[in-house]
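So the structure is just underneath, and the comments pick up after that.
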Amino acid sequence: MSGLGPYLDRRDFGATPEPSDDGTPSRLGLRYSMQNHDATRLHWDLRLEWGGVLLSWAVTRGPSLDPADKRLAVRTEDHPLSYLTFEGLIPKGHYGAGTVMLWDLGWWQPLEPAARGLSKGHLKFRLHGQRMTGDWNLIRMKGRKASDAKRENWLLVKIDDEAAHQRDPVAHHRTSVASGRTFAAIRAGKPAALPAHPGALPRHQ
C-alpha cells in the first residue's frame, strides 16, 4: 500500500484534526517520529520519511531495547510528511479514533539502500531521536506479498549496540516529547507543559 490515497480515503478532514496536506520533504536528512496512539488498543506508530511520505508501522507493544525482544510491527498506510509531529484527539467514529501523543522525534539513517531493504523485507537503520537511538532491524515476516502492505507483519528488533539494554523506554517515557503532556492532558486540550517547539529536531548527525 503505497502513496497517500488510502490515508486520504479513510479520513473526514472536516471532523478530524489530522493534517490533509502532503508536507514538505526535509533538505537536511530523513526525518523520523514515533507516536503513542491510545486507540482501540494502545500501540506506537513508527514513521520513517521516505519517497515523499511517511512509511508507517504500528508497533503493538512499543519498542524494546532488548535485542532478544521481537516486537510485532504491522505495516499500515503511508502518511503525509505533515503527520510527523501530529498530536491530538481523533474523534469517536472516525478511523483511528483515540488520542495521539508525539512520543519521539528525530532523524533516521538507512544502513543499507532503503529501497532494497524494503523490497527484500529487511530494513536496517539507525535512529537519532530524542528518546530512541542506535541501530535497528525491521524484518518482514513470511507469508505475505510485499505489495499487500495493509496486511504485512514485520518485526522491530534492536541491534545489540551501545544503545541496547538501557531502561525500558515504554515504561519510562509516558509524556509527549514535544509538549510534555500526558494522554489525559491531550484529551482535555490542556496547553503544553514544556516550552518546546513540536517542529524542532535534534541536530542531524
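Here is a check on your reading of the model: is Gly14 on the phi > 0 side of the Ramachandran plot, surrounded by fewer than 16 Cβ atoms within 10 Å (Cβ to Cβ) and without any contact (Cβ under 8 Å) to a residue 60 or more places away in the chain? It is false that Gly14 is on the phi > 0 side of the Ramachandran plot, surrounded by fewer than 16 Cβ atoms within 10 Å (Cβ to Cβ) and without any contact (Cβ under 8 Å) to a residue 60 or more places away in the chain.
Residues checked against (1) surrounded by 22 or more Cβ atoms within 10 Å (Cβ to Cβ); (2) touching a helix residue (DSSP H, G or I) at 6+ places or on another chain (Cβ under 8 Å):
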position: Leu46; (1), (2): yes, no
position: Ser64; (1), (2): no, yes
position: Arg71; (1), (2): no, no
position: Val74; (1), (2): no, no
position: Glu87; (1), (2): no, yes
position: His94; (1), (2): no, no
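Taking segment 19-116 and the strands (runs of 3 or more DSSP E) fully enclosed by it, the elements with 2 or more residues that are under 15 Å from the mean Cα position of the chain (by Cα) and under 18 Å from Gly3 (Cα atoms) are at 30-38, 42-50, 53-59, 71-79.
Rule-based calculations on the coordinates, nothing more; no lab input. Predicted, not measured: the structure shown is a model, and the values here were computed from it. All Cβ positions, glycine included, derive from the backbone under ideal geometry; neighbour counts span all protein chains shown.
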